[in-house]
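S.K.: Handing you this structure, nothing more for now.
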């Protein structure tokens, strides 16, 4: 490497990442957005199943039987999340309809302690 390359490397600190010393005082959680959701260790028996409507063109990509279940610790948390998920968003156009179906589900074994 010529002198110009060495000077450029020093000026802009272009050293490889593995040579940089990490700040030992940095917390384990690097970003504050990681703290927004509380960590719950108990059972989460109440859920919301999100699925595509029949005939939705997106099902050609995801598959006709695609669904996702979001689990919650209490029925009240589940109902609040369901209301938020299914609301008409401020960026929706007039006449737009939600492309997803939302369904309440419950894991009976967990919720009733069976």
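S.K.: Can you tell me the length gained on complete extension of the stretch residue 65 to residue 94, counting 0.36 nm per residue apart and subtracting the Cα distance?
M.R.: 7.6 nm
S.K.: Based only on other Cβ atoms within 10 Å, what is the fewest-to-most ordering of 102, 72?
M.R.: Ordered from fewest to most neighbouring Cβ atoms within 10 Å, 102, 72 come out as 102, 72.
S.K.: For the residues 89, 70, what sequence is obtained by ranking on other C-beta atoms within 10 Å, fewest first?
M.R.: Ranking 89, 70 by Cβ neighbours within 10 Å, fewest first, gives 89, 70.
S.K.: Between residue 101 and residue 41, what is the label-point separation in nm under the 7 Å Cα-to-beta-carbon projection?
M.R.: 3.9
S.K.: Neighbouring Cβ atoms within 10 Å as the yardstick, rank 46, 91 fewest first.
M.R.: If I rank by nearby Cβ atoms, fewest first, I get 91, 46.
Computed from the coordinates by the stated procedures, all read-outs in this text should not be read as laboratory data. The structure displayed is predicted, hence computed values, not measured ones. Every residue, glycine among them, receives a Cβ derived from its backbone with ideal geometry; neighbour counts consider all protein chains shown.
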